[in-house]
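Q: Sharing a structure here in structure tokens format.
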Amino acid sequence: MIDPSARIDAGAVIGKDVSIGPYCTVGAHVSIGDGCRLIAHVNLTGHTTIGPRTAIHPFASLGSPPQSVSYRGGPTRLVVGADCDIRENVTMNTGTEDDRGVTEVGDHCFFMVGSHVAHDCKVGSHVVFANNILLGGHVTIGDHVVFGGGVAVRQFVRIGEGAMIVGLSGVRADVIPFGMAHGPLADLIGLNVIGMRRRGLAKADVHRVRSAYQALFFGEGEFRARVERVASEYGADPLVNKIIEFIRAGKRPLTMAVRRGVADAET
């Protein structure tokens, strides 16, 4: 199941039932899980691990060195999970020595044409990247995040679980779990209610998160006091707790502008 035109370096680990198509190149430190498909013209290099049943389409390049002036040539890594669909011209870099040394992608992710995952990023599972998504270095993406086309995310930004980033947005600050961000310098415009519904959350759950959101961002008093008040009032709600824990875990305060929008008007 390996095309004669493919080039597989000695030392590469190839799992069972792997298909490697024409003109693919696989480096000596690459490990490919069972059932993967490299369609054609795929480049896998560096210390890269690809999880089982992941499909990689033409002209994707995974595991190349980080685009960082501080990289010193160390054996940093790229780890991609199982059951991902990686489309044409997607690029993913390994980590740097000055961070965790690894770039990670979870399971069941869909990367559309031209997406880029930079060094030291950590991408969760069930994440969807539309065409031409650009992640700067050290970005953290939670599970079930959806990106519209042409989004750019600044380095060190965190995007919480279940968030939606509208197409052509520039994300320069953290986005809370279940939030919706939009704009050239993106603002938080509400909740990703459609995404929450698609994950099977009950209407009552969505209403509680929406109520907590309103109290957090449009309530009275300083933001720090509002966080503590919402944490006390909604402490038993696991969804709201994810938002509170995300805010508390940040190394810097939330700086994304918040504006009233129509994103969460229909619940």
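Q: Pick from region 200-248 the residues that are in contact (Cβ under 8 Å) with a residue 40 or more places away in the chain and of a type outside the set (F, W, Y): which of them is farthest from M180 (Cα to Cα)? Even if it seems obvious, please write down each step before you answer.
A: Taking region 200-248 first, the residues in contact (Cβ under 8 Å) with a residue 40 or more places away in the chain are 203, 206-207, 210, 213, 217-218, 239, 242-243, 246-247.
When the remaining residues are screened for being of a type outside the set (F, W, Y), the result is 203, 206-207, 210, 239, 242-243, 247.
Numbers: K203: 18, V206: 14, H207: 16, R210: 12, L239: 15, K242: 15, I243: 13, I247: 16 Å.
Result: K203.
A quick yes/no check of all residues on (1) assigned to a strand (DSSP E or B); (2) buried (at least 22 other Cβ atoms within 10 Å of the Cβ); (3) in contact (Cβ under 8 Å) with a residue 60 or more places away in the chain; (4) in contact with a helix residue (DSSP H, G or I) (Cβ under 7 Å, 6 or more places away or on another chain):
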site	(1), (2), (3), (4)
F156	no, no, no, no
G162	no, yes, no, yes
L168	no, no, no, no
M180	yes, yes, yes, no
L188	yes, yes, yes, no
M196	no, yes, no, yes
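Q: Contact list please: Cβ distance under 6 Å, first residue in region 116-130 and on the phi > 0 side of the Ramachandran plot and buried (at least 20 other Cβ atoms within 10 Å of the Cβ), second residue among the aliphatic types (A, V, I, L, M) and part of a strand (DSSP E or B), pairs at least six apart or on different chains.
A: Every condition considered, no pair remains.
Q: Sticking with this one: For Q67, only one of the following conditions fails: (1) over 21 Å from N131 (Cβ atoms); (2) surrounded by fewer than 18 Cβ atoms within 10 Å (Cβ to Cβ); (3) within 19 Å of the chain's Cα centre (by Cα); (4) not β-branched (V, I, T). What is its number?
A: Condition not satisfied by Q67: (1).
Q: Can you tell me which of (1) in contact with a helix residue (DSSP H, G or I) (Cβ under 8 Å, 6 or more places away or on another chain); (2) of a type outside the set (A, V, I, L, M, F, W, C); (3) over 25 Å from G170 (Cβ atoms) is the one G63 doesn't meet?
A: Going through (1) in contact with a helix residue (DSSP H, G or I) (Cβ under 8 Å, 6 or more places away or on another chain); (2) of a type outside the set (A, V, I, L, M, F, W, C); (3) over 25 Å from G170 (Cβ atoms) one by one, G63 breaks only (1).
Q: Further question on the same structure: When both residues are 6+ apart or on different chains and their Cβ atoms are under 8 Å apart, which pairs have a first residue that lies in region 76-98 and is farther than 22 Å from P58 by Cβ, and a second that is buried (at least 20 other Cβ atoms within 10 Å of the Cβ) and of a type in the set (A, V, I, L, M)?
A: Pairs found: V79/V105; G95/L78.
Q: Within region 70-94, how many residues are closer than 16 Å to H47 by Cβ, crowded, with 21+ Cβ neighbours inside 10 Å and either in contact with a Lys or Arg (Cβ under 6 Å, 6 or more places away or on another chain) or among the β-branched types (V, I, T) (or both)?
A: 3
Q: Could you tell me which of the residues V227, V206 is within 25 Å of the chain's Cα centre (by Cα) and buried (at least 17 other Cβ atoms within 10 Å of the Cβ)? Let's see the steps before the verdict.
A: Details: V227 fails: within 25 Å of the chain's Cα centre (by Cα).
Of V227, V206, the one residue that is within 25 Å of the chain's Cα centre (by Cα) and buried (at least 17 other Cβ atoms within 10 Å of the Cβ) is V206.
Every number here is computed from the coordinates shown, using simple stated rules; none is lab data. These numbers were taken from a predicted model, which means no experiment stands behind them. Ideal geometry is used to build each Cβ from the backbone, glycine not excepted, and the neighbour counts take in all protein chains shown.
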